[in-house]
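The values are calculated or read from the model by the stated rules, or taken from the named source; none is laboratory data. Here the structure is a predicted model, which is why all the values come from computation and not from measurement. Cβ placement follows ideal geometry from the backbone for every residue including glycine, while neighbour counts extend to all protein chains displayed.
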Amino acid sequence: MVRILNPSRQNQKIEFGKESDEPEYDQNDNPVPSISILWTTLAIPYTLNTTQIIQAQGLNLADQRMYAVRHRLDSFWDQISRARINGEEYEVIHINPDEKNSPTSYDLVTVKKVEDHG
């Protein structure tokens with residue numbers, strides 16, 4: 001899987017969590033989904049190669065982002081559905097965990113920006 005030999009490249013703060021059971025309300029008393037933060041970490045933006053970029057554009061996946069984060073157990077990732085990056089909310093759509101549990105193990109997390117339809 002992903003091997004990061006230079007952890008100093010972790011420069012992107014990501015807050016992972018799940019949708020809160022009690023939504024927040026906007027100024028018109030409409031419910032606005034919010035996240036309960038379970039884990040805050042630093043991540044490394046992960047880039048695709050040229051072939052993968054072309055495939056992603058053909059599948060309309062161009063607005064997705066990938067990040068490499070420190071490896072966590074699968075049971076942890078089962079409860080994660082949302083992420084907050086730079087104050088913007090994202091849906092966690094895919095997690096590719098590392099099969100090894102070593103100090104250099106990283107998981108690839110794919111997120112897609114949450115669209116407001118208001």
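Brief remarks follow.
- Positions within the range 21-47 being at pLDDT 80 or above, over 16 Å from Glu88 (Cα atoms) and of a type in the set (Ser, Thr, Tyr), in sequence order: Tyr25, Tyr46
- Annotation: of all residues in the range 48-73 being surrounded by fewer than 13 Cβ atoms within 10 Å (Cβ to Cβ) and hydroxyl-bearing (Ser, Thr, Tyr), the one that is modelled with the lowest pLDDT is Thr50.
- Selection status of Phe76, outside any strand (DSSP E or B) and at pLDDT 80 or above: yes
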